[in-house]
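The values are calculated or read from the model by the stated rules, or taken from the named source; none is laboratory data. All figures in this text were calculated on a predicted structure; none of them were measured in a lab. Don't worry about glycine lacking a Cβ; one is built from the backbone with ideal geometry, like all the others, and counts go over all protein chains shown. Ligands, DNA and RNA are excluded from the accessible area calculation, which covers all protein heavy atoms including side chains. Shrake-Rupley method; radii C 1.70, N 1.55, O 1.52, S 1.80 Å.
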Amino acid sequence: MDLHIHSALSPCADNEMTPHNIVNMALLKGLHFISITDHNAIANVLPALKAASEKPLLVVPGVEITSQEEVHLLAFFKTHEALSLFYQEIETALPPRENRPEIFGKQYLFDESDQIIGEDHRLLMNAVQLSFDRLVQLIWQFGGAPVPAHVNRDSFSVYANLGFMPPNLPINVVEVTKPLNETTPLRIREELATYRQIISSDAHSLGNLLEQVFFIDLKERTMDAFFNWIRHSNRVVTL
């Protein structure tokens, strides 16, 4: 699995990060599940789902949201319809500022044939005007799974920006960009040991997609089996 990949809709991603290129690179690297998780945007998820529809690869509908505290939070959904309903709540909370492509890069929209059909002119790197706590609650409300992103980084992470993992929230899984080791503070290592962990690439270029590095044990290779794993654990807190 590699569940944190940016298409060229994310201003920081290479222009070669098209839906078909991502799907085909994932297949070359032997992956079974991927997710396109652009910054505060979902327009390239459906083209990726279509690109993978007849291939032995499952694309988990997803998005990477920046909370008002500037914490990056991954949100995964079983269907594109559920992701779209959730995104309607997020879209209204994104400040109406325009992208500056000469600084941040262009934000391309693709069709299912990898043709550029436009650009998103909003500044997608903005923080949405919703708190981390509220975003976690909304993700669960719409049937998704919230996963705090790259928790072992010193920027845009729960520990870097909040200083702690809120203990009252229904968070079962966290993402690390590499295995935790002695460079990760002991307090964080001990706390994260109580969570399930996924390892992802946060890829912004094709070469950065993971090889066969991260695995989970599922009874079958289906979206239902994956969501049974990512949404259920002993840590779930009732909202």
*Among the numbered criteria (1) open to solvent by less than 70 Å² (accessible area, probe 1.4 Å); (2) more than 13 Å from LEU3 (Cβ to Cβ); (3) not β-branched (Val, Ile, Thr), which single criterion is violated by ASN168?*
(1)
*asked:* What are the pairs with Cβ atoms under 6 angstrom where one residue, in the range 179-193, is farther than 22 Å from ASN168 by Cα and the other, located anywhere, is open to solvent by 50 Å² or more (accessible area, probe 1.4 Å) and not aliphatic (A, V, I, L, M)? Sequence gap at least six, or different chains.
replied: LEU180/ARG189
*Sort through ALA82, ALA8 and tell me the only one that's more than 13 Å from the chain's Cα centre (by Cα), among the small types (Gly, Ala, Ser) and surrounded by fewer than 24 Cβ atoms within 10 Å (Cβ to Cβ).*
ALA82
_The listed residue being over 15 Å from GLN107 (Cα atoms), crowded, with 22+ Cβ neighbours inside 10 Å and not hydroxyl-bearing (Ser, Thr, Tyr), out of PRO19, PRO61_ = PRO61
*Would you point out which residue out of PHE142, PHE104 is surrounded by 14 or more Cβ atoms within 10 Å (Cβ to Cβ), among the hydrophobic types (A, V, I, L, M, F, W, C) and touching a Pro at 6+ places or on another chain (Cβ under 8 Å)?*
PHE104
_I'd like to verify a number: residues in the range 23-46 that are over 23 Å from LEU123 (Cβ atoms), touching a helix residue (DSSP H, G or I) at 6+ places or on another chain (Cβ under 8 Å), open to solvent by less than 10 Å² (accessible area, probe 1.4 Å) and of a type outside the set (Phe, Trp, Tyr), how many?_
2
*asked:* If I go through the range 215-228 residue by residue, how many of them are part of a helix (DSSP H, G or I) and either within 21 Å of PHE156 (Cα to Cα) or open to solvent by 80 Å² or more (accessible area, probe 1.4 Å) (or both)?
replied: 2
*Could you tell me which numbered condition MET125 fails, if it satisfies all but one of (1) open to solvent by 10 Å² or more (accessible area, probe 1.4 Å); (2) modelled with pLDDT of 95 or more; (3) hydrophobic (A, V, I, L, M, F, W, C); (4) in contact with a strand residue (DSSP E or B) (Cβ under 7 Å, 6 or more places away or on another chain)?*
(2)
_Test for LEU138: is it of a type in the set (A, V, I, L, M), part of a loop (DSSP other than H, G, I, E, B) and either modelled with pLDDT of 95 or more or closer than 20 Å to ILE5 by Cα (or both)_ = no
*Is the range 81-100 home to any residue that is modelled with pLDDT of 95 or more, of a type in the set (Phe, Trp, Tyr) and more than 21 Å from PHE215 (Cα to Cα)?*
yes
*Please tell me if ASN228 is closer than 25 Å to SER84 by Cα and in contact (Cβ under 8 Å) with a residue 24 or more places away in the chain.*
no
_Count of the range 189-214 residues which are assigned to a loop (DSSP other than H, G, I, E, B) and open to solvent by less than 60 Å² (accessible area, probe 1.4 Å)_ = 9
